[in-house]
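One structure is given below, encoded as structure tokens.
The values are calculated or read from the model by the stated rules, or taken from the named source; none is laboratory data. None of these values were measured; they are calculated from a predicted model. Don't worry about glycine lacking a Cβ; one is built from the backbone with ideal geometry, like all the others, and counts go over all protein chains shown.
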Amino acid sequence: MIDLVKLACATSLLALSSPMATAYDLSADMAPLQETKPVKQDEEKKADDDESSDKEKNGKDKKKKSKIKKYNEVITDKAITRVGVFTTHQVDGKVYFEIPESQLGRVFVWQVKVAGIQTNKGMISADSARQYVYFERIGNDLILRARDHSVISKEGEPETFVVNATDLDAVLVKLPAVTFSADKTPVVDVTSIFMGSVKGLEGMRRAKMNAKASLVKNVKAFERNVEARVLGRFTVKPSPRRGPQRPGMPKPEPEEVTAEIRHSILALPDDLMKPRYYNHRVGYFDARYTDYSGKKNKVETKRLIKRWRLVKKDPAAELSEPVTPITWYIDRGTPTRYIEATREGIEFWQSAFERAGFKNAIVAKMAPTIEEDPDWDPEDARYAVIRWVPSTIPNANGPHVADPRTGEIIEADVRMYHNVIKLVEEWYFAQAGATDPRAKKLPLPDAVMSDLVRFVVAHEVGHSIGLHHNMLGSNAYTIEQLRDPAFVAKNGVASSIMDYARFNYVMQPEDGTSPIDYVAGPYDNFAVEWGYKEFPDDLTAEEEIPLLNEIADRQLTDKALRWDAYSAGSRFDPRNQTEDISNDAVEATRLGMENLERIMAGVVEAATYEDGMTYNEVEVAYSALASQFMRELGHVTKYVGGSIYRNELAQGHDDTAVYSAFPVARQKEALSFLAANAFKLPAFWKNDAVMQRVGHDFYLDTVNRFGTRTLGSLMAPYKIDHMVKLRAAGVANYNPVELFNDVSDAVFEELKRRKPDVSAYRRNLQAAMVNMLAENVGSGASSSDDYQALARATLVSLESDLRRVGSRNSDTMSGIHFLNLAGKIKDALDQD
């Protein structure tokens, strides 16, 4: 078997083996003095010519030599010098790196982030660039090269020679030595890099730096990293527009933006962590590489999971503290009222790490004050930091940086964009406002908001310890379990906080109060154990695989441990959804509707903040309830047409059905539910108290989406095409012809009545269906032939019925509407 630790050291051997040139010697060209002797007159002229030529030559030599200056001419007494992994100097607006021979060839990750920016011009903590780089010396030049770790071959194998030849590390910039230190270490001017001259290390995306209007504020060197802060002026290109340019709309112009840019140059570990191979049954982010020296009859793509390095202090103990815990800092800018919630969100994962054998594996610390540590900076690559970003974006994320050779996570951040608190407040109001007495009035109290912040931090830290989403987690529990407060308190509303399960909208007021999901679920414990459990040091990464498979095999008997997120087949798996809870979307949505109706009854009182204010918050609250209803309808919609289970299984087990059919009966049940609750508008949405405060147009514009979005998803061409493929393969599934007929009958139910009275909501829905089908017939349609055939057949049938019923009722709005749709259909069919 191949030992990956050895493999990692073998990458790009040619780049590391370049011979080191000797240091420049100022005395090398000095010649010994020669004794003079008389010469003849003609020889005197030749000597004069020779002397003139020598003077000219020597002048050129001196000019050439003048590029190498004396050390104290470059690094003057005005220089600000820091000694670390490199020695850095700031002097007269320039930055110099003094890079010793021991650091040549060492790989660093060079990160560029926005540390400060003008108001409304962007966000802090945003990544601008990242490169894995090293310095190589050739003669008196240092070359900054970018290392690509995606291709590998085993050291000593013949393939190594050709792999290295076709895996040449890119040259980013050549840096001539401007002087040498006393020990002959080259000193290079790196100012131009910080001024945005190197492609791949620019200060801002889609921007050009104005070097004349920019400067390096400070450079600090530490044992493993160099940190620099640059104040720059940028010309930023406008974001590319989506869709065609509208006539008369002015073309967006570039704008000038001032920003502070952080450059972090962090050395990758010298002692390589033992990697862990990826398993498709457990959701970890991964580093991938192509191995050209594998034993199989093909080029192998291998994957390593991304994880922190944890080593037990006491290897023999079942539960031990780590030598070095995963330490997270809470940024100085975190709102005071959320500091404790942030700490608890970080340490949420301690119980999961205990399953892997580690006590206090992940800890939270408050960032030191400026007085305590003036060098501490949240952008410093040595620190994992929870950042609170002043932004109206309602989101949060948890990126990380890993050593590509082993998957070891070496730096991470969680970014809490400020308006995420508004987002979770609206979610909780819409999902738990009927069952949690604390959530019946907006704004929600600090105690609730702290719980919600804790929930978000725990999810994002989960990403930053390597875990992917798990969209099967929300399908693990039954309706009955979710209506049991004791069960939810122990298990949460999903088997994993890494799902987008959110909060308990299934529980009814008579059931009790459901706590906010704040426990590590069974999948979370399982995944952390699989990724972080220690095995004997004498086992190679390959030899650990069978032991890890034994842990993964628990999924065979415990389906709550299963994982999936973005696999190719998950698009049609009805369990693989976001924002849902329970294993029955139809019943969950029915119960959710009952809670939405309860909240709607008091929505005006709940959203009226204080005297003298506008009623804008009523509109916000109503929209939050509408968004929740659309999400729940979407969960039911995914049950219909082309639905098929997909399970992440492995070879060697009796259960080999990775794909299995979703029952047709459940699909038809779901369509009936949608016909009654999406194609027809539930009465409670027409709330006079709301409309009197925010306007009647707002009401109809909001609710119309319930039907049209549901219809668009049910009749989407990709879904119908998938149904055709399933039936062609012999899978029992909804017949596409039957689906079109059933949807058409539900949407145009009024055609069966002698005197139809079609509401504005239903007229909008019916027009949407005709328009959608009309777009999918004729030579201009991009849909498949099968879809066009189904659309044409449906339109032909509808045209005659619409014209017949419309003509009979031509003196009513409903009749006129039917005739208009019949005309649209005729025009669409005639154009073909």
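For the stretch 301-320, a residue qualifies if it is of a type outside the set (K, R) and either surrounded by fewer than 19 Cβ atoms within 10 Å (Cβ to Cβ) or part of a strand (DSSP E or B) (or both), and the qualifying residues are T301, L304, I305, V311, D314, P315, A316, A317, E318, L319, S320.
Y500: hydroxyl-bearing (S, T, Y), over 14 Å from N475 (Cα atoms), part of a loop (DSSP other than H, G, I, E, B) and in contact (Cβ under 8 Å) with a residue 12 or more places away in the chain, yes or no?
So Y500 fails the test.
With the condition kept exactly as written, say whether any residue in the stretch 258-272 is surrounded by fewer than 18 Cβ atoms within 10 Å (Cβ to Cβ) and touching a Phe, Trp or Tyr at 6+ places or on another chain (Cβ under 9 Å). Yes, because at least one residue in the stretch 258-272 is surrounded by fewer than 18 Cβ atoms within 10 Å (Cβ to Cβ) and touching a Phe, Trp or Tyr at 6+ places or on another chain (Cβ under 9 Å).
Yes/no per residue for (1) outside any strand (DSSP E or B); (2) of a type in the set (G, A, S):
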| site | (1), (2) |
| --- | --- |
| V112 | no, no |
| G116 | no, yes |
| S125 | yes, yes |
| A129 | no, yes |
| I143 | no, no |
| K154 | yes, no |
| V162 | yes, no |
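Scanning the stretch 815-832 for residues that are within 45 Å of the chain's Cα centre (by Cα), modelled with pLDDT under 95 and part of a helix (DSSP H, G or I) turns up A828, L829, Q831.
Here is a check on your reading of the model: is A607 surrounded by fewer than 19 Cβ atoms within 10 Å (Cβ to Cβ) and out of contact with any strand residue (DSSP E or B) (no Cβ under 9 Å at 6 or more places or on another chain)?
Values: surrounded by fewer than 19 Cβ atoms within 10 Å (Cβ to Cβ): no; out of contact with any strand residue (DSSP E or B) (no Cβ under 9 Å at 6 or more places or on another chain): yes.
So A607 fails the test.
Being surrounded by fewer than 16 Cβ atoms within 10 Å (Cβ to Cβ), in a loop (DSSP other than H, G, I, E, B), of a type outside the set (A, V, I, L, M) and at pLDDT below 95, is that true of even one residue in the stretch 697-718? So far as the stretch 697-718 goes, no, none of its residues is surrounded by fewer than 16 Cβ atoms within 10 Å (Cβ to Cβ), in a loop (DSSP other than H, G, I, E, B), of a type outside the set (A, V, I, L, M) and at pLDDT below 95.
Hey, among the residues in the stretch 522-561 that are under 22 Å from E354 (Cβ atoms) and outside any helix (DSSP H, G or I), which one's nearest to the chain's Cα centre (by Cα)?
Filtering the stretch 522-561 for residues under 22 Å from E354 (Cβ atoms) gives 522-537, 544, 547-548, 550-555, 558, 560-561.
When the remaining residues are screened for being outside any helix (DSSP H, G or I), the result is 533-537, 558.
Working: K533: 26, E534: 28, F535: 31, P536: 34, D537: 33, D558: 29 Å.
Going through the qualifying residues, I end up with K533.
So which residues in the stretch 283-317 are aliphatic (A, V, I, L, M) and at pLDDT 95 or above? Steps first, please.
In the first step, residues of the stretch 283-317 are kept if they are aliphatic (A, V, I, L, M); the result is 287, 299, 304-305, 310-311, 316-317.
Correct list: L304, I305, L310, V311, A317.
Of all the criteria given as (1) touching a helix residue (DSSP H, G or I) at 6+ places or on another chain (Cβ under 7 Å); (2) modelled with pLDDT of 90 or more; (3) over 17 Å from R571 (Cα atoms); (4) acidic (D, E), the one not satisfied by D721 is (3). Considering (1) assigned to a strand (DSSP E or B); (2) surrounded by 15 or more Cβ atoms within 10 Å (Cβ to Cβ), say which one K174 fails and leave the rest. Just one mismatch for K174, condition (2).
Kindly indicate whether any position in the stretch 508-516 is assigned to a helix (DSSP H, G or I) and within 20 Å of R343 (Cα to Cα).
Checked against the condition, which is being assigned to a helix (DSSP H, G or I) and within 20 Å of R343 (Cα to Cα), the stretch 508-516 yields no hits at all.
Given the structure, is Y329 over 27 Å from E544 (Cα atoms) and touching a Pro at 6+ places or on another chain (Cβ under 9 Å)? So that I can check it myself, show each step before the final result.
On the way: over 27 Å from E544 (Cα atoms): yes; touching a Pro at 6+ places or on another chain (Cβ under 9 Å): yes.
Yes: the conditions hold for Y329.
Looking only at the stretch 505-516, residues that are buried (at least 24 other Cβ atoms within 10 Å of the Cβ) and either at pLDDT below 95 or in contact with a Lys or Arg (Cβ under 7 Å, 6 or more places away or on another chain) (or both) come to 3 in all. Of all residues in the stretch 291-314, one or more are among the β-branched types (V, I, T) and free of Cβ contacts under 8 Å to residues at least 60 places away in the same chain. The single condition among (1) out of contact with any helix residue (DSSP H, G or I) (no Cβ under 8 Å at 6 or more places or on another chain); (2) not assigned by TED's automatic domain parsing to the domain that holds L790 that K752 does not satisfy is (2). For the stretch 476-486, the tally of residues that are modelled with pLDDT of 95 or more and part of a helix (DSSP H, G or I) stands at 4.
Within the stretch 801-814, the residues that satisfy the criterion of being part of a helix (DSSP H, G or I) and touching a residue at least 12 places away in the same chain (Cβ under 8 Å) are D801, L802, R803, V805, G806, S807, R808, M813, S814. Can you tell me which residue within the stretch 521-544, out of those that are crowded, with 16+ Cβ neighbours inside 10 Å and either free of Cβ contacts under 8 Å to residues at least 12 places away in the same chain or hydrophobic (A, V, I, L, M, F, W, C) (or both), is farthest from V461 (Cα to Cα)? Ranking the qualifying residues of the stretch 521-544, first place goes to A541. Taking the criterion of being in a helix (DSSP H, G or I) and farther than 14 Å from L711 by Cα, the residues of the stretch 742-790 that qualify are E749, E750, L751, K752, A760, A774, D785, D786, Y787, Q788, A789, L790. When restricted to residues that are modelled with pLDDT of 95 or more and either among the β-branched types (V, I, T) or farther than 16 Å from I99 by Cβ (or both), the stretch 147-184 contains 4. Restricting attention to the stretch 63-110, the residues being surrounded by 14 or more Cβ atoms within 10 Å (Cβ to Cβ) and part of a strand (DSSP E or B) number 15.
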